[in-house]
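Structure record follows, encoded as structure tokens.
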Amino acid sequence: MAVLMVNGSPHPRGCTYTALNEVASQLKKHGIESEIIHIGTGPVAGCISCGKCGETGYCIFKDDDVNATIDKLKTAEGLVVGSPVYYAAPNGALCAFLDRLFFMKSDAYAFKPAACVVNCRRGGASAAFDRLNKYFTISRMPVVSSQYWNSTHGFTPDDVRKDLEGLQTMRTLGDNMAWLIQCIAAGKAAGIEPPMPEPWIPTHFIR
Ligand SMILES: Cc1cc2nc3c(=O)[nH]c(=O)nc-3n(C[C@H](O)[C@H](O)[C@H](O)COP(=O)(O)O)c2cc1C
């Protein structure tokens, strides 16, 4: 069993990583491995709505790790996305990355437990948290909760290590995600299949 984690911060070992790592350590206590990938500091193109991913399953842009992440997410049993808070939102490069990761609407993402964690110095955490959860809830991914909205506070990893409630929230998230992944595996073993989606009825609000 393995969970994919996406660190959207420009800092590979910063506050966001520290929060993700706390979730990963807790998952490990339940026998679940994690891989934390970093989106890097290079330019990440935004989605240009060309629709090619709907035909090929991959993004036409190949200069970043979006396509590699599509493959990793297809085989992962869960997803945790981490973001620093920039102007009360997830950072722009991560949003560009996730827009392209999710727009291909892979059925393979459906029913994988997902969660996000955000780190802020002072404010805007819950707005960023809400924005990130939108990717999961439009993709039929069950959102894993914790004991609070998943955020840590700090400007440096040392600050985050002092945010004891934030770290506890990360550990509770790890416990809850492990439990859900194990429940889904037990359900599959007992022959419980995920629901079949209805054919999409796109109305675009035109009557
Ligand atoms: C462009 C920018 C905007 C920011 N906006 C906010 C904000 O709205 N609220 C806040 O508390 N911190 C804000 N910060 C601070 C970051 O949230 C903080 O540096 C980051 O979470 C640290 O995590 P990291 O080490 O993983 O990058 C901002 C930082 C930058 C660079």
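Just so you know, all these numbers are worked out from the coordinates, no wet-lab data involved. Given the structure is predicted, the values throughout are model-derived calculations rather than measurements.
Just need the relative contact order of the range 70-163 here, percent rounded to a whole number, with Cα pairs under 8 Å and 6+ apart.
Reported relative contact order: 30 percent.
Cα-based Rg (one decimal) and Dmax (whole number) for the range 61-176, in Å?
Rg, Dmax (Cα atoms, Å): 14.3, 40.
Amide H of C116: which non-local residues (sequence gap of 5 or more, or other chain) have their own amide H closer than 5 Å, using H built in the peptide plane?
Sorted by chain and number, the residues that satisfy this are V81.
Based solely on its DSSP helices, what 222 nm [θ] is calculated for the chain when runs of n ≥ 4 H residues each add -39,500 (n - 2.57) and the sum is averaged over all residues, nearest 500 deg cm²/dmol?
Taking each H run of at least 4 residues, the total per residue is -13000 deg cm²/dmol.
Does the chain come out rounded, prolate or oblate, given a ≥ b ≥ c as the square roots of the eigenvalues of its C-alpha gyration tensor, rounded meaning a/c under 1.5 and, failing that, prolate meaning a/b above b/c?
oblate
Amide H of N91: which non-local residues (sequence gap of 5 or more, or other chain) have their own amide H closer than 5 Å, using H built in the peptide plane?
Y86
If you count the DSSP beta bridges with both ends in the range 2-189, what percent of them are antiparallel, to the nearest 5? Numbers along the way, then the final one.
On the way: 2 of 23 bridges.
So the antiparallel bridges amount to about 10 percent of the total.
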